[in-house]
Amino acid sequence: MQIYIVGGAVRDFLLGIPHADQDYVVVGATPEVMLAQGFRPVGKDFPVFLHPQTQAEYALARTERKTAPGYHGFQFHASPDVTLEQDLARRDLTINAMACPIGNLSTEAVIDPYGGQQDLARKVFRHVSPAFAEDPVRILRVARFSARFPNFSLAPETMELMQSMVEAGEVDSLVAERIWQEMSRALMENQPSRFLQVLRQCGALSKLLPEVDALYGVPQRADYHPEVDTGVHTEMVVDMSAKLGYCLPVRFAALMHDLGKAKTPLERLPAHHGHEHQGIGPLKALCERLRVPTDCADLARLTTEFHGLIHSAGSHREQQLRAETVLGLLEKTDAFRRPERFAHLLEACECDAKGRLGYENYRSD
C-alpha cells in the first residue's frame, strides 16, 4: 500500500503559497485493508475513508466512467490494481494532477505524468484529458481558479472544450447548491471578475447567471461611469470588494447591485432612473433559484434598493439630503437595530463608488 499527497497541496507547494488542505490517495489497498487499520468509511459505495487520528480524507485510487448526463452520472472503479497515474488522469487540470509520496512533499519527489509543472511555469490552465467534458462542475472550477490565479491563461483547447460542453447542455444539469458553492468561493478570491469573464467566454454565464450576463453591453452615462459598460462596471465593483478585503455578503451585494440596469428601456439609455427598484425582481429570482443564504440575499436587496440614495447622501454633485430623508433611510434599512449590517451596506456602496474607471481612490467626504 502506497499513500500520496495529491492535487492542490502539491500545486500550491510548487507555487510557494500556503496549502491548508491536503488530499491523499491510497494505491494498492482495498476497503477491508483500510477498515482493518482503523479508517472509517465516508458514506456508502464511495472509496473515501477518514484517518483514525487526524480525520483527514484518504481516497482509494480509482477510475471513473460516465454513465449518464450531468455530474452525478458516474460509475467508480476502485481496486488495488488502479495505478496512481490512472487516478490522476481523472482530475480536471494538469496543475491539479500531480502527487508526492506522503511525508516527502518536495520538488524532487513530484510525480507529474501530465505536464503540470510545465503548465505551472507557463501559467496555463489545461485539461488533463477529454474526460474533463464529462463533469460540468469543472467549468465552474476552472472559472474559480481563474479568479484565484488571475495571471494564468486558459489553454485554447480547454476553452473550446468548455464551450462545447455548454452547447451540449451539460451545465443545465448543475444544481443550485453546487453553483452557489463555487460562485461564493470565487467571490472570495483575489480577482472575482475573472470568474465572470471565463464563464461568459465559454457561454455558461448566460445559462447560470443570466441576470448578470444581461448587464454586458448596457451603456451608462460616461460622466458618472467612464467605463460606460454596465457589465464592466460590475466587474470593477466586485474586484474592488476583493481589493478592500470585504466579507462574502458585501462581495455578493457588489455583484448584484445594478441588475436593474438591464431592465432600462432602450429609449431611456444611457440614463437609468429607477434602476434600483427594477433590480429587486431579478435579484429575488436569482437568490431563490440558487438558494442564496439569507445574510447575502438581505444585504444584496438593501444595496440594490438604497445604493442610489446613499450615494446622494455623500455626493458633491447634488444637494445634500434633508435630515428627514436620512432618518427615513436609517429606519428603512433597520440601521438602529442592525448597525453591523448597515456598515456592510455602506461598504458595498463604497465598492460601487470606487469601482469606476479613474475613481479607485474616490472619497465622498
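The values are calculated or read from the model by the stated rules, or taken from the named source; none is laboratory data. Since the model is a prediction, treat every value here as computed from it, not as a measurement. Reconstructed Cβ throughout: ideal geometry from the backbone, glycine too, with neighbour counts over all protein chains shown. Just the protein is used for accessible areas: all its heavy atoms, side chains included, with ligands, DNA and RNA removed. Shrake-Rupley method; radii C 1.70, N 1.55, O 1.52, S 1.80 Å.
Measure nothing fancy, just the Cα-based angle from helix 323-332's long axis to the longest principal axis of the chain, in degrees from 0 to 90, nearest 10.
Computed tilt is about 30 degrees.
With +1 assigned to the C-beta of every Lys and Arg and -1 to the C-beta of every Asp and Glu, and no other charges, what is the dipole magnitude of the chain about the Cα centre in debye, to the nearest 20? Working shown, then result.
Numbers: 39 positive and 48 negative charges, 67 e Å.
The calculation lands at about 320 debye.
If r is the Cβ-Cβ distance from GLU157 to LYS332 and R0 is 45 Å, what FRET efficiency results, to the nearest 0.05?
So, using R0 = 45 Å, E works out to roughly 0.30.
Going by average Cβ neighbours within 10 Å, how do the peptides 227-238, 148-159, 302-313 rank, with the highest at the top?
Per-residue Cβ counts within 10 Å, averaged per peptide and sorted highest first, yield 227-238, 302-313, 148-159.
Could you work out how far the C-alpha centroid of region 196-241 sits from that of region 103-135, in angstrom?
When both Cα centres are located, 32 Å separates them.
Accessible area per residue, 1.4 Å probe, Å², for the chain: what's the number?
Ligands and nucleic acids excluded, the result is 47 Å² per residue.
For a quick protection proxy, order the peptides 261-267, 273-279 by their average other-Cβ count within 10 Å, most packed first.
Ranked by mean Cβ neighbours within 10 Å, highest first: 273-279, 261-267.
Would you calculate the separation in nanometres between label points at PHE76 and GLN37, each defined as 7 Å from the Cα along the Cα-to-beta-carbon direction?
1.7 nm
Could you tell me whether region 224-303 comes out rounded, prolate or oblate from its Cα gyration tensor? Rule is a ≥ b ≥ c as square roots of the eigenvalues, rounded for a/c under 1.5, then prolate if a/b exceeds b/c, otherwise oblate.
In terms of gyration-tensor shape, oblate.
If I compute solvent accessible area with a 1.4 Å probe over the protein chains, what percent of it on region 1-160 is carbon and sulfur?
Accessible surface attributable to carbon and sulfur in region 1-160 totals 52 percent.
Can you give the percent of C-alpha pairs in region 123-250 whose distance is more than 23 Å?
Across region 123-250, Cα pairs with separations above 23 Å total 32 percent.
I'd like the carbon and sulfur percentage of the solvent accessible area for region 232-274, probe radius 1.4 Å, heavy atoms only, ligands and nucleic acids excluded. Don't skip to the answer; put the middle values down first.
Details: 950 of 1660 Å².
Looking at region 232-274 in its full context, I get 57 percent from C and S.
Could you give the angle, 0 to 90 degrees to the nearest 10, between helix 230-243's Cα long axis and the longest principal axis of the Cα atoms of the chain?
Tilt of helix 230-243: around 70 degrees.
Taking the Cα of SER173, stepping 7 Å toward and past its beta carbon, and measuring to each backbone N in region 84-102: which are under 18 Å?
90-92
Given a cut-off of 24 Å, name the pairs among LYS243/LYS332; LYS207/LYS263; LYS243/LYS284 whose C-alpha atoms lie farther apart than that in the structure shown.
Working: LYS243/LYS332 29 Å; LYS207/LYS263 18 Å; LYS243/LYS284 27 Å.
Check vs 24 Å cut-off fails for LYS243/LYS332; LYS243/LYS284.
Does region 223-267 come out rounded, prolate or oblate by the C-alpha gyration tensor, with a ≥ b ≥ c the root eigenvalues, rounded set by a/c under 1.5 and, if not, prolate when a/b is larger than b/c and oblate if not?
oblate
Does region 226-365 come out rounded, prolate or oblate, given a ≥ b ≥ c as the square roots of the eigenvalues of its C-alpha gyration tensor, rounded meaning a/c under 1.5 and, failing that, prolate meaning a/b above b/c? Please list the in-between numbers first.
On the way: a/c = 1.18, a/b = 1.02, b/c = 1.16.
Rounded, since a/c falls under 1.5.
Take each of the peptides 113-122, 90-99, average the number of other beta-carbon atoms within 10 Å over its residues, and list them starting from the highest.
Answer by packing, highest mean first, reads 90-99, 113-122.
Just to make sure I understand: if all protein chains stay in place, what is the order of GLU57, GLU211, GLU85 by accessible area at 1.4 Å, largest first? Can you show the working numbers first?
Numbers: GLU57 100, GLU211 30, GLU85 80 Å².
Of GLU57, GLU211, GLU85, the descending order of accessible area is GLU57, GLU85, GLU211.
Could you work out the Kirkwood radius for the chain, taking every pair of different alpha carbons, averaging 1/r and inverting it, reported in Å? Don't skip to the end; give the middle numbers.
Working: mean 1/r = 0.0442 Å⁻¹.
One over the average 1/r among Cα pairs gives 22.6 Å for the chain.
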